[in-house]
Amino acid sequence: MERMISKSNITNVANKTQADICLDYSTPDLTETSKVLIYGFLIIVMVLTIALNITLIVKINLNPKHKLFTRFFLTSLASVDLCVGLIIMPFNIMDGLYDLRHLFGSKTCALLNSVDVMLSTSSILHLSILTYERYIALCKTLSYGIKCNKKSMKIFCCLNWILVIIISFGIILPGYHETGIDFSVLKCIYSSANSCVHVFGVYYAVISSVISFFLPGVLIICFNIRVFKHVRFQSQYRRNILGIKVRHRIRTVRQSQSMRVARTIAVLTGCFFLCWLPFFTVNVLSGFINYKIPFTFEFIVLWLGYCNSAMNPLLYLLLEGKSCIGKS
């Protein structure tokens, strides 16, 4: 009798846990006023993302004063972020309003989620490539023509797209991203979710997050540290060695330009981590805590990541206005 009660209690606890997961992934009921405010704000973010990236693409290519490597990857980054504004943001807005999973089916959700992962990852990898280019331009000036030429540009571009296509379409469409998730949990989430939610197994979440964010993030930090050290060394050198008054004014201008470069890179890096770190932290932790993170919180950190596609062109336009992007 005690064993039967014990088994019954275990079953009830398991069912309760599963019910909690289902509840966490159900879309909250919103009043019409709340929907207008929330999705109206998201539409504004979407429009700004599109407008800023189009402005950046036009400005870069109408005034070709930048180095080819810089111009190519800035244009490519803006194009990727533009696609986020044209495809991913509208998809998520429509999904939240009209439940696209039930309208078009799970395969359409998997396709659009693959595009989402591909574009978001490509945007992050573009930032790391541009950080590397700024590091070479400032710290390894003499080797710039060797390390940032047409050949290396093509190699970086091919590696970027091969990598993002593999970790998005190559894994999500066949369903390998769900490896490690208990079938009952998976069924519960998909049956209760009123949208095309991202549900990743622990293995895929860890591997894709390392490739998409943590490894590029470490590279970006390392390159930025080297840039700051270089700028500081140059500043000290000019203060200690150059004592001629005629040259002092010219050197001071160059020093201030270098400091602006360093400060702008710090702002870009800070914005990058502010936008994407919460999402990838949640993405990794979710599987380890049995997918108990509420849908609302995941929705917020996801859109915070999308906002980086609006911040990228805005910050680069400000950067260009201060003449800090590499010039030919």
Provide Cys157, Cys275, Cys307, Cys196 in ascending order of the number of other Cβ atoms located within 10 Å of each residue's Cβ, fewest first.
Cys157, Cys307, Cys275, Cys196
Tabulate in residue order the Karplus-calculated ³J(HN,Hα) for the stretch 197-212, using 6.51 cos²θ - 1.76 cosθ + 1.60 with θ = phi - 60°, rounded to whole Hz; enter x for Gly and Pro.
6, 8, 10, 10, x, 4, 4, 5, 4, 5, 5, 5, 5, 5, 5, 7
Please compute P(r) over all alpha-carbon pairs of the stretch 76-164, binned at 5 Å starting from zero, and give each bin as a whole-number percent.
3, 13, 18, 18, 14, 11, 8, 6, 5, 3, 2, 0
Counting only residues 5 or more places away or on other chains, whose amide H sits under 5 Å from the amide H of His66 once H atoms are built in the peptide plane?
Ser328
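The numbers here are math on the coordinates, done by the rules we state, and not lab data. All values derive from a computational prediction rather than experimental measurement. Quick reminder, even Gly has a Cβ in these numbers, built from the backbone with ideal geometry, and neighbours come from all protein chains shown.
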